[in-house]
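The values are calculated or read from the model by the stated rules, or taken from the named source; none is laboratory data. Small disclaimer: the values here were computed from a predicted structure and weren't measured. Backbone-built Cβ (ideal geometry, glycine too); neighbour counts: all protein chains shown. With ligands, DNA and RNA removed, areas are computed over all heavy atoms of the protein, side chains included. Shrake-Rupley method; radii C 1.70, N 1.55, O 1.52, S 1.80 Å.
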Amino acid sequence: MTQPVAEYQGSATHELLTLVNARLYEILISGKGFDDIGRHVLATPGKRVRARLVLASAGLLAPVGSEPSRAALDLACAMEMLHESSLVHDDICDGSLLRRGATSVPAAFGVRIAARAGFHMAGAAVQVIAEVLADNPRMSACLGEVPGVTYSDGLSDLSFGQLIEMLPPAVDATALRRHYRLVAGAKTGTLFRLSCSYGGTAGGADHDRLRALMTYADELALAFQIMDDVRDVEGGPELGKDAGGDLERRVPTWPVIEWLDMRAGAREMWLSADTPSTILQSDLIDSGATAAARAVALDATQKASAALNIFPPSPARDDLRALLQEVITR
């Protein structure tokens, strides 16, 4: 894999995300009733992966050193708002008390208020996208021209992924892998694809390059979700929430699929309500299932990196590749 440019990753990316955080504050702290929740969400911003995807995709063909357009900046904010909205509703569905090491929105404000705030944030994000497109008719005219490139018409896949996650097939490794890819492509991949498609369109990417960005987004999403699941099994101080939550709920994550495929007796342990999640967690790690899952994630990042070869060398391309490295080593 092409090595990231450390100087760009360490300086320019940080500066761009500072702009995103400032703009998010302007949008979310509006005096319209959800300011306390907006401040709570902004206090623990996460890594702003989706904002990075928008800004880097928009900058792939831009002159080196140029500032991001207002359209790209606002689209970056919109993707982060959609993501934060989805996290609020994830925490409601999962009963999570923690998010990024802090109290989750439903735990802090109650489920009813959290649900309303999540819908409000999603609606505000869609409004931002609509305003960007209204102000940029050339960009708006490009939407939907390229088959397979996702725009807001695919936004419902985000909730679709949440729905089907808890409806896995029978405990069969082949079926479970197929189901997992479908869920990851919907839950995680939807916003990655939207971030790359809107960013790439704002940056003037042609049809072939937009399709390449979709490949990048899909492979990044798979690697990102697998590594998130590995961390849920292994835990650690950077997890930001209690480890083993998916095991407790019997969610068939990729490490679990590897474990079921390689470990004699794993099926019976998994299906038994008497098996504590701590036992599952220990057995998963000892079996080598998390290591096998990491190998699949690494392969996905290599495919994602190769998809970027269609773009000329640039700091933005370096940042997209640096993101792949961060995902696999986090």
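Some values worked out for this structure:
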item: Residues satisfying the stated conditions in region 26-63, i.e. over 21 Å from the mean Cα position of the chain (by Cα) and closer than 17 Å to LEU308 by Cα; result: LEU61, ALA62
item: Any chance ALA115 is open to solvent by 10 Å² or more (accessible area, probe 1.4 Å), aliphatic (A, V, I, L, M) and over 25 Å from ASP218 (Cα atoms); result: yes
item: When residues of region 267-295 are limited to those that are of a type in the set (S, T, N, Q) and in contact (Cβ under 8 Å) with a residue 40 or more places away in the chain, the one most open to solvent (accessible area, probe 1.4 Å); result: GLN281
item: Residue in region 155-181 that is modelled with the lowest pLDDT, counting only those that are among the small types (Gly, Ala, Ser), out of contact with any helix residue (DSSP H, G or I) (no Cβ under 6 Å at 6 or more places or on another chain) and in a helix (DSSP H, G or I); result: SER159
item: Filtered residue count, region 124-151, keeping only those that are under 30 Å from ILE37 (Cα atoms), part of a helix (DSSP H, G or I) and open to solvent by less than 50 Å² (accessible area, probe 1.4 Å); result: 6
item: From ALA62, ALA72, residue being among the hydrophobic types (A, V, I, L, M, F, W, C), over 25 Å from LEU155 (Cα atoms) and either in contact (Cβ under 8 Å) with a residue 40 or more places away in the chain or assigned to a loop (DSSP other than H, G, I, E, B) (or both); result: ALA62
item: Residue, farthest from ALA212 (Cα to Cα), within region 299-324, restricted to residues that are assigned to a helix (DSSP H, G or I) and open to solvent by 50 Å² or more (accessible area, probe 1.4 Å); result: ASP299
item: Qualifying positions in region 177-192 - open to solvent by less than 40 Å² (accessible area, probe 1.4 Å) and out of contact with any His (no Cβ under 6 Å at 6 or more places or on another chain); result: HIS179, TYR180, VAL183, ALA184, GLY185, ALA186, THR188, GLY189, THR190, PHE192
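Conditions (1) closer than 22 Å to ASP91 by Cα; (2) under 16 Å from the mean Cα position of the chain (by Cα); (3) β-branched (Val, Ile, Thr); (4) not in a loop (DSSP other than H, G, I, E, B), marked per residue:
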site: ALA205; (1), (2), (3), (4): no, no, no, no
site: ASP228; (1), (2), (3), (4): yes, yes, no, yes
site: ASP261; (1), (2), (3), (4): no, no, no, yes
site: MET269; (1), (2), (3), (4): no, no, no, yes
site: THR275; (1), (2), (3), (4): no, no, yes, no
site: ASP286; (1), (2), (3), (4): no, no, no, yes
site: ALA297; (1), (2), (3), (4): no, yes, no, yes
